[in-house]
Amino acid sequence: MIATDIEVVKAMFAAFADRDLKTVLSLAHEDIEFTAVTGEHAGRTEPYRGHAGMRQYFRDVAAVWEELRLTPREFRAEGDLILVTGKVSARSRARTVSGSTGWIWRVRDGKVVFGKVYASAADAIAALEEG
């Protein structure tokens with residue numbers, strides 16, 4: 001059975017929640033481009049790229065956050081994109097973040113090729129609508 005794009009994205013969230021890098025890499029295309037708020041807090045100005053970038057993202061999550069919990073709630077396919085809205089809860093010594101968030105994903109041939117985290121669900125929805 002071939003997984004739908006939404007199923008692939010749901011599996012990616014489950015792997016992130018479990019901090020399961022091996023599964024994340026199995027779901028990520030070798031040329032994945034991933035942009036996350038964590039990267040900004042880690043001092044990055046560029047997206048995480050490729051499997052090496054995803055490994056760095058996991059290191060940055062461990063360095064930046066004492067706790068990071070993502071709660072995706074709604075998944076919607078729009079063309080070749082998947083919009084996900086939900087909540088984030090994150091805590092470090094320097095900051096606490098809690099509230100709505102959104103993600104846009106692109107899956108190609110059963111692998112995630114693009115992911116971007118937005119500061120709010122409204123920002124993700126607006127980005128999707130802008131194209």
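The values are calculated or read from the model by the stated rules, or taken from the named source; none is laboratory data. Since we're looking at a predicted model, the values are computed, not measured. Because the Cβ atoms are built from the backbone with ideal geometry, glycine has one as well, and the counts that use them run over all protein chains shown. For accessibility, only protein heavy atoms count, side chains too; no ligands or nucleic acids. Shrake-Rupley method; radii C 1.70, N 1.55, O 1.52, S 1.80 Å.
Applied to region 10-20, the Karplus parametrisation 6.51 cos²θ - 1.76 cosθ + 1.60 on θ = phi - 60° returns per-residue 3J(HN,Hα) values of 4, 5, 5, 4, 4, 5, 4, 4, 8, 6, 9 Hz, with x for Gly and Pro. A Cβ-based charge dipole, computed about the Cα centre of region 1-125 with Lys and Arg at +1 and Asp and Glu at -1, lands at about 400 debye.
Taking Cβ atoms as reference points and 12 Å as the exclusive limit, the residues near Arg49 contribute a net charge of -2, counting Lys and Arg as +1 and Asp and Glu as -1. Distance between the modelled labels on Arg93 and Ala52, one decimal in nanometres: 3.0 nm (7 Å Cα→Cβ projection).
Taking amide H as placed 1.01 Å from N in the peptide plane, the amide H of Thr101 sits under 5 Å from that of Gly86, Lys87, Val88, Ala121, each at least 5 places away or on another chain. Over region 17-131, what relative contact order in percent results from Cα pairs under 8 Å that are six or more residues apart? Relative CO of region 17-131 lands at 23 percent.
Taken per residue, the accessible surface of the chain reaches 56 Å², heavy atoms only and a 1.4 Å probe. Each Lys or Arg adds one and each Asp or Glu subtracts one; over the other residues with Cβ under 12 Å from the Cβ of Phe58, this totals +1.
Among Tyr118, Gln56, Ile82, whose Cα sits farthest toward the positive end of the charge dipole of the chain (+1 at Cβ of Lys/Arg, -1 at Cβ of Asp/Glu, about the Cα centre)? Positive-end residue among those listed: Gln56. Counting only protein heavy atoms and a 1.4 Å probe, tell me what percentage of the chain's accessible area is made up of carbon and sulfur. It is 48 percent, rounded to a whole number. The accessible area of Leu25, taken with all protein chains in place and a 1.4 Å probe, comes to roughly 20 Å².
Other residues lying with their Cβ under 13 Å from the Cβ of Ala28 contribute a combined charge of +1, Lys and Arg counting +1, Asp and Glu -1. Sequentially through region 49-65, phi angles give Karplus couplings (6.51, -1.76, 1.60; θ = phi - 60°) of 10, x, 5, 4, x, 5, 4, 5, 4, 4, 5, 5, 4, 5, 7, 8, 10 Hz, Gly and Pro residues having no value and appearing as x.
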